[in-house]
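What follows is one structure encoded as structure tokens, with my remarks underneath.
The values are calculated or read from the model by the stated rules, or taken from the named source; none is laboratory data. This is a predicted model, so every value here is computed, not measured. Here the Cβ positions follow ideal geometry from the backbone for every residue, glycine too, while neighbour counts run over all protein chains shown. Ligands, DNA and RNA are stripped out before the accessible areas are found, and what is left, the full protein with its side chains, is counted by its heavy atoms. Shrake-Rupley method; radii C 1.70, N 1.55, O 1.52, S 1.80 Å.
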Amino acid sequence: MGGKKKDRKNAKKGAAKGRSQQSAEDESNPPLADLHISSPSEVESNPDESDYTESDSVTDSASKASSPPLLSPSSDKSDLEKQPSPDDINNLEDFPKRTESTLGSTCPNLAVYVNYFEIKIDPKITTYNQYSVDIKMVKTGREDKDCPKALRWKAMEAYRLKFMPGRHPAYDGDQMMIATKPLRETAPDETVTLEDIQTEEGITLKINVNNVNKKVKLESIRQFANEKTKVAPQEAMQSLDWILRQAGNSNHLKVGRNFYTGELSDLKDGMALWQGLFQSTYLGRCGDLSSSSNKPKKSTDKDPKLYLNVDAVYKAFARPQSIENLAKVLNNELPQQTTGNNRNQSCDFTKLQNYLKGLKIIYSVPKTAPQRKIVYIVREVAQSANNISFIYGEKRVTVAEYMHKAKEYRLQHADWPCLAVGSRDKTLYLPVELCSVAKNQVTTKRLNEKQKNKMIEGTLVKPGARKQMILDQLNRLNLNQNPCMKEFGITVETSMTSVAGWHLSRPPLTEHKKNTVHFVTNTTCWKLNKLASPSNIIKSWAMVDLLENSSETITYEQQQLFNDVQAQLFVRLKLGVFVKIKPDYYWPKQEVANKMDLREFLRTLAPKKYDLVIIFIHGKIDGEDSYGTIKQMMDQELKLVSQCILRSRVIDAHKKGGSPESPVYYQIMLKINAKMGGTNYGIEELAKNMVFQPRTMIMGADVTHPGAGSTNVASFAAVTASYDSDFFRYHMNWRVQPPREEIIADLKEMTKEHILFYYKHSTGTTANQKKPQYIIFYRDGVSDTQFAEVKRKEVKAIQEACKEVAAQNRWEAYKPIIIFLVVQKRNHARFFPKISDDSNTVIPGVDPTSKNVKPGFFVDTVITHPWQMDFFLVSQIAAMGTACPARYRLLHRDETKLMNDDIIKKMTYYLCFLYTRCNKSVSYPAPTYYAHLAAARVKLYCNNKFDNIDTSAERNKDEIYQDWLAATRQVNNTTVRDMKDFIDNNPMYYV
């Protein structure tokens, strides 16, 4: 069981109060520099090759990486049979049990290694003692303040060595510690001294360790694994996780939940790629599991199986160096020293500003012995030391003059810029010649294209190589020799676990007139001859080139561009979409220098209500991508369906011969047909009816959150729902929520809208025949610790929506079958076929080139939940790197006969073939893919709408939250309503 780390309030009752909130680094979405914490090669290549946006090159983090499982507090054996207390409600795992499966006897099986390592615990150790920890920094003449997280591990190790050298308790890095036996009686305010790694100065820390008189009982794990209780053993699993992390904390650099070992390669422009490892403790299946059947054997051995999931991770770090050298690396040369005080010299330090903003720098104070160093966070790159002045004493002086008079230090480069640090009302200006970039510093900066490519090159490894990297990282940890592990009687196997998996058959697809779609041999790629259901003839359309042309007449190059694309899409490709008339042509008569110019130009399209507008993007405008502004204008203001095409891609395709077989034109047409209401392909009728029930509505949901360090940015919830019998066309609606709220607050109303839309477009003749009788809901982006809350609130919202929509429309009692699953894309399970990367041996179920498992491979034994329904599925082609499976967890099931585990697995896999933007199976079901796209799109509609919310630290958090509620409610009542008709008329405009 895995999940995102939450406030362990319930597990620490009686511990010291005032626990600080988890750092933004741990809770926020993974930054682009982290590529979702895992190798970018494992992220499926973006099928959106024609609607250009910068985020296409590396998928936005939004969200939501898997974190270690933190299971609920346990109690003594007699208490396990009682009802859970209110404090344990969020840890009550009352989720559907798995049903007996027959796929093991009908599907080809394949034994693979998985990066899960079995954990063994000395049976004589059954309880742990809990202690609270409070660490304060002591400074003479100042009030004690909380110790920074970066120093806490070292502080507690220094404390252990000084006051209890013979013991090795496990510390959580915050306010808790556990031990196998009672620790010594401690005196209040015991102190230790550390050296700051950055400033090299001594730091005095005051530490209090107190027994909270509470024990962690490992028996709770056995009770839960054998289904004796539904309250998950969070406290026991959490304690194991602390113990297993002690080795990493002692010899690795900890960033968030991961440990890093050092630089792997140079990313250029001041960045370096570091390699590290992710680790997390998981509870697997009990008993002996056969390697040829996914049904557990009956066994008297019901010991819980515990595993350590270890994976290789990568992250971009800022390279430590002087600011002078950094400026040279960035090609942002500093001005040369000139004679006299050149106060008017003006230089562009945009590159330096973009790199340094938000980073830690070390300021070396001149004329101090030993030289004193202070760490600051850069707010901005300011003017030169000759230009900035302030009142010193009774006279206005420049920074350069101040350094000379007050610090007795003459700046060597007074014309170089200063770094502004501190708050805006108490700004300090530091000369760059005395500053350097701090070491061991991760960055959340967006990488440039060259850096992204270098990162991919450095992490793109085949399964065999990745497997060896993981084993090397685990060996480097040397867990079994760690003194803390020995004290707690815990060992970890050094070899990966072998598991059995099975391959589902790909669904047969049909195109125009129900003709069979032909797959490329032994793959899940296909080629269409003609679209299954081409959209209506386009009667009114336009082509727009954003390249400036001051002439009143179209240039030869533009005419050639327009003619070629029109001919390729609607004539030579022969997919079945036609245009009735020639398009209107638009181009700017003068340079589009900024976003305002772009908006004014696009408004010239407003008088005509085009069915489709194709827009050619040629580059950045005012240093920024124009895609977001174009989509915001076309969708929200003009309400016109648009298709953006990167101009250079079309020109490149034309230079290569302009074949209609080019994937550029092919993918563009797949998107255009879907946007215009057509169907590209579908599942063959017989196969579909064996998996999907009649009158089924498939839904997908996702919530996009602001990135790390973002302020005044809301969260955006999007829900999609199928409204046709082919499960190809989806309606979308959306809402704005306060930042980082994962639960979809207005899901009831959103579901009602989808049911009514389905009803309106149904081919049934009576009310009962028009309503969806099955609602299959795929929820993206939910961590394990949120499962109970999601089920309690979101499943209930769907149920209430069904009741209310029936009452409001005077339908008979309406209670459809609801199936609710969570999709976890960013987990750290990896499957490794038992074959080397350079082997020529052909193994059924293994791609002979990439050495990955082929699409359709699933695992539902050994490493899955002890008794609840979950499974891992690889549904995409992993041509490069190592395949990343999606993990599916069933939270609610109203019916088991027609919706058993086997049907759910097949249905899930089939839906991965119905994604409109490409002709191959994708990594997770189409409805959740669409929800993610929709949430990212609607975020564009709310730029700057929340800038007026005061989110300063001085304000009460409840007041800020109320302001967010009011602001998001305003947007939902205006912008969302304003766009409803456009979305209803063009349900898939955003794909």
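Data overview
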read-out: Where the chain is the region considered: accessible area per residue in Å², 1.4 Å probe; value: 42 Å²
read-out: Projected-area average for region 484-626 over all orientations - Cα convex hull basis, square nanometres; value: 18.5 nm²
read-out: Coil-residue GluC sites (Glu not before Pro) of region 581-656, DSSP, other Cβ within 10 Å capped at 13; value: Glu591
read-out: Positive-end residue of Ser626, His252, Asn563, charge dipole of the chain with Cβ unit charges; value: His252
read-out: Computed P(r) (all Cα pairs; the chain; 10 Å bins; percent); value: 2, 10, 18, 23, 21, 15, 8, 3, 0, 0
read-out: Distance violations [Cα-Cα > 18 Å] among Lys582/Lys609; Lys770/Lys791; Lys771/Lys815; Lys803/Lys897; Lys530/Lys671; value: Lys770/Lys791; Lys803/Lys897
read-out: Debye-sum result for region 562-698 in log10 I(q)/I(0), which assumes one identical scatterer on each alpha carbon, at q = 0.09, 0.18 Å⁻¹; value: -0.36, -1.11
read-out: Loop-located trypsin sites (Lys or Arg not before Pro) in region 382-422 whose Cβ has at most 13 other Cβ within 10 Å (DSSP); value: Arg410
read-out: Relative contact order %, region 396-472, counting alpha carbon pairs below 8 Å whose residues are six or more apart; value: 16 percent
read-out: Fraction of accessible area attributable to carbon and sulfur, region 489-530 (%, probe 1.4 Å); value: 50 percent
read-out: Relative contact order computed over region 671-773 (Cα-Cα under 8 Å; 6+ residues apart), in percent; value: 25 percent
read-out: Region 391-484: radius of gyration and largest Cα-Cα distance (Dmax), Å; value: 23.9, 70
read-out: Amide H within-cut-off set for Tyr392, under 5 Å, with H built and near neighbours excluded; value: Val397
read-out: Apportionment of accessible area to carbon and sulfur, region 134-284, percent (1.4 Å); value: 47 percent
read-out: Charge-dipole axis of the chain as Lys and Arg at +1 and Asp and Glu at -1 on Cβ define it, positive-most pick from Leu965, Asn986, Ala312; value: Ala312
read-out: Where Rh is the Kirkwood radius over Cα pairs, Rg/Rh for region 931-991; value: 1.08
read-out: Spherically averaged projected area of region 717-864 from its Cα convex hull (nm²); value: 12.6 nm²
read-out: Whole-Å semi-axes of region 714-758's equivalent ellipsoid (Cα gyration tensor); value: 23, 11, 7
read-out: For Thr99, residues with placed amide H under 5 Å, excluding near neighbours; value: Asp901
read-out: Whole-Å semi-axes of the ellipsoid equivalent to region 752-834 (Cα gyration tensor, √5λ, descending); value: 33, 16, 9
read-out: Alpha-carbon Rg with Dmax, taken over region 418-465, Å; value: 18.0, 55
read-out: Relative packing of 216-222, 794-800, which averages over residues the other C-beta atoms within 10 Å, highest first; value: 216-222, 794-800
read-out: Ellipticity estimate at 222 nm from DSSP helix runs (n ≥ 4, -39,500 (n - 2.57)) divided over the chain, nearest 500; value: -7500 deg cm²/dmol
read-out: 21 Å tail of the calculated P(r), region 861-991, as % of Cα pairs; value: 62 percent
read-out: Heavy-atom accessible surface of region 540-673: percent carbon and sulfur, 1.4 Å; value: 52 percent
read-out: Calculated over region 616-757: convex hull of Cα atoms, volume per residue (Å³); value: 179 Å³
read-out: Over region 786-932, volume per residue of the alpha carbon convex hull, in Å³; value: 149 Å³
read-out: Normalised contact order of the chain, rounded percent, pairs of Cα under 8 Å and 6 or more residues apart; value: 16 percent
read-out: Percent of C-alpha pairs per 10 Å bin, region 166-225, short to long; value: 16, 38, 28, 13, 6, 0
read-out: Volume in Å³ per residue [convex hull over Cα atoms, computed for region 138-276]; value: 175 Å³
